[in-house]
Amino acid sequence: MERSDADIAAAVTRALEWDARVPIDKLDVTVSKGWVTLRGEVEWEYQRRAAERAVRNLSGVRGVTNLVAVRPHPTP
């Protein structure tokens with residue numbers, strides 16, 4: 001049985017919330033036919049990678065498009 005996009009989106013959101021390295025409030029998740037698209041901005045590359053890793057192997061996920069941008073905050 002295939003999972004609906006809404007079920008997958010809920011699972012993706014939960015997985016991102018559970019990963020302490022991922023600033024979930026800065027990310028936007030969409031799911032279409034099992035394909036997850038991540039958008040938003042993070043400060044560090046490891047956060048971008050962690051977001052993708054957290055969702056790649058979830059049940060029902062066919063693939064991940066990671067459009068998360070890395071924008072470091074300048075230090076004064």
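Computed quantities for the displayed model
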read-out	value
Contacts under 7 angstrom Cβ, first residue in the stretch 38-53 being polar (S, T, N, Q), partner part of a strand (DSSP E or B), 6 or more apart	none
Candidate set from the stretch 55-76 (those that are in contact (Cβ under 8 Å) with a residue 40 or more places away in the chain and under 13 Å from Leu16 (Cα atoms)); member that is nearest to the chain's Cα centre (by Cα)	Val55
Pairs with Cβ under 6 Å, 6+ apart, first in the stretch 1-17 and under 13 Å from Gly34 (Cα atoms) and open to solvent by less than 60 Å² (accessible area, probe 1.4 Å), second among the hydrophobic types (A, V, I, L, M, F, W, C) and assigned to a loop (DSSP other than H, G, I, E, B)	Ala11/Leu58
Qualifying positions in the stretch 18-76 - open to solvent by 60 Å² or more (accessible area, probe 1.4 Å), of a type outside the set (Ser, Thr, Tyr) and closer than 22 Å to Ser4 by Cβ	Trp18, Asp28, Lys33, Trp35, Arg39, Arg56, Asn57, Arg62
Residue that is nearest to Pro72 (Cα to Cα), among those in the stretch 1-47 that are outside any helix (DSSP H, G or I) and acidic (Asp, Glu)	Glu43
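The values are calculated or read from the model by the stated rules, or taken from the named source; none is laboratory data. As the structure is a prediction and not an experimental result, all values here were calculated from the model. With ideal geometry, Cβ positions are generated from the backbone for all residues, glycine too; neighbour counts draw on all protein chains shown. Please note that ligands, DNA and RNA were not included when accessible areas were found on the heavy atoms of the full protein model with its side chains. Shrake-Rupley method; radii C 1.70, N 1.55, O 1.52, S 1.80 Å.
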